[in-house]
Amino acid sequence: MDTIAAISTAPGRSAIAIVRASGPQVTDIISRTMRQPLPERRPLLRWLRHPQSGERVDRVLATYFPAPQSYTGEDVLELGCHGGPLAPQLAFDALLAAGARQAEPGEFTRRAFLNGKLDLLQAESILDLVDGRSRAQHRAAVHQLERGLSRRIEELREAIVRCEALLVYDIDFPEEDDGPVPGWEIEGAAREVLSRIERLLETAAEGELLREGALTVIAGRPNAGKSSLFNALCGVERVIVTDEPGTTRDAVEALVSLGGYPFRLVDTAGLREAAGKVERLGVEVARRYLAGADIVLFCVEAGRHPSDDELDFLAGLEGGVPVLVRTKSDLVGTAGREPFAELDAPQVPVSTVTGEGLGELSDRLVETAFSGSLALEAEAPLVTRERHARELRRARGELEAFLDARSSSIAPEVAATHLRAAAHALEELLGVIAPDEVLAHVFGEFCIGK
Ligand SMILES: Nc1nc2c(ncn2[C@@H]2O[C@H](COP(=O)(O)OP(=O)(O)O)[C@@H](O)[C@H]2O)c(=O)[nH]1
Ligand SMILES: [Mg+2]
């Protein structure tokens, strides 16, 4: 095993930066770059020197974590050096000159995983913590780091292994019809695991949304107030707003956190040139996003009744759930805010001038996109990645095949192979068994230094 090093903090001007190394040569690197040895697990100020020239590189806060009590489970050296474009780079160069090599993306965490410091689900949660941009995603990631999902998967796996054990008994003593384990008990246990897997799979769609953000497409007639709404929800002046219809040239996308939940907000592209159906109706919409939309925020000025064309557009929506925004509510009195009886979508009067209704709108959006996670208790595990859903579906398929086999005349030895395969899928999910390509995929998403 060689020794890796990386700058672990983001580049740019900053008070401090962290540079670290992990591997068997760490003590050697310490003696080549510092004049005095470092005690274990106690940060001390030291001059870091270039191993060849002996030149002082930086005064650093150096901590030595001996294996196995470190992030990676190996010997680790962590340097808090000065930030900025140059100082961390020079400290890093000194570590390379002393025998380390540049770490691959995610290699520290990969080593932690291989040394049993964390399982694969925890490793993924670290990625979510680093990338997280909403409170809800952060909460799910912390829970996953605490092994919330891991524990649930382990329980399911153990339950399957128990079924296997009961079945082995059945195989060994087939003539004992009324032996200590009647067949229906094994099948009942398998059915119970199956339904728990299904419940977990039900969280997958929203778990994915928590990571990706709910795709929310703003639509409506030119001048309805779409770009103003986009800006108000983003909290910054980003999109050009004018009285001139059709000024938004391209689709604009922003990831925003509303009520602690992530939304991918999309404002309308200029569709003047592409005269499709939507255009003929006089409705602007970011069409290339529409098919995948989770929510369509439809803007109609307060006090104006939606035209038949607009109602047709809403009725023709295939994917996104409509939420009607009665824009420019500051321009009308109470009569102009009356909800349209013929629409059963949520309807919210909003003014980007006074701020009226923006809070209520964000509540409606959270309810519309994340009703499932709102209903879950805070500690319930969520399935957050396609990889998780894939392995759970595989386990589900094998359990179904097992139950089918048991209800036909298939030999118990053959039925048992389905239980083994179901357990195997959950083992891959945890990373107990981790094929290289799975690891490459998981850790390839990390940044260097993590
Ligand atoms: N009084 C008032 N005017 C608004 C409000 N929202 C937008 N407007 C105005 O309506 C016009 C069109 O807005 P814009 O956001 O560009 O509409 P878009 O074409 O749908 O993107 C601009 O003059 C805005 O200043 C609002 O809440 N109250
Ligand atoms: Mg616009």
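Summary table below
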quantity	calculated
Failed item, numbered, when LEU233 is tested on (1) more than 16 Å from ligand 2 (Cβ to nearest atom); (2) over 14 Å from ALA286 (Cα atoms); (3) at pLDDT 90 or above	(1)
Identity of the residue in the stretch 236-253, more than 9 Å from ligand 2 (Cβ to nearest atom) and open to solvent by 40 Å² or more (accessible area, probe 1.4 Å), that ends up modelled with the highest pLDDT	GLU253
Any pair with Cβ under 6 angstrom, 6 or more apart, that starts in the stretch 157-176 at a residue that is at pLDDT 90 or above and ends at one that is of a type in the set (Val, Ile, Thr)	ALA159/VAL193; ILE160/VAL193; CYS163/ILE186
Scope the stretch 323-346; condition at pLDDT below 95 and not in a helix (DSSP H, G or I); matching residues	VAL332, GLY333, GLU338, PRO339, PHE340, ALA341, GLU342, LEU343, ASP344, ALA345, PRO346
Filter pass, THR63 being among the polar types (S, T, N, Q), outside any loop (DSSP other than H, G, I, E, B), within 12 Å of LYS450 (Cα to Cα) and at pLDDT 95 or above	no
Any hit, the stretch 27-48, residues being out of contact with any Leu (no Cβ under 9 Å at 6 or more places or on another chain), surrounded by 14 or more Cβ atoms within 10 Å (Cβ to Cβ) and among the β-branched types (Val, Ile, Thr)	no
Every residue from the stretch 318-346 that is within 32 Å of the chain's Cα centre (by Cα) and touching a residue at least 24 places away in the same chain (Cβ under 8 Å)	GLU318, GLY319, GLY320, VAL321, PRO322, VAL323, LEU324, VAL325, ALA345
Residue that is more than 16 Å from THR33 (Cβ to Cβ), open to solvent by less than 10 Å² (accessible area, probe 1.4 Å) and either of a type in the set (A, V, I, L, M, F, W, C) or in a loop (DSSP other than H, G, I, E, B) (or both), where the choices are LEU79, LEU121	LEU121
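The values are calculated or read from the model by the stated rules, or taken from the named source; none is laboratory data. Please read all numbers here as calculations on a predicted model, not as lab measurements. Neighbour counts run over all protein chains shown; Cβ positions are idealised from the backbone, glycine included. Protein only, heavy atoms only, side chains kept; ligands, DNA and RNA dropped before computing areas. Shrake-Rupley method; radii C 1.70, N 1.55, O 1.52, S 1.80 Å.
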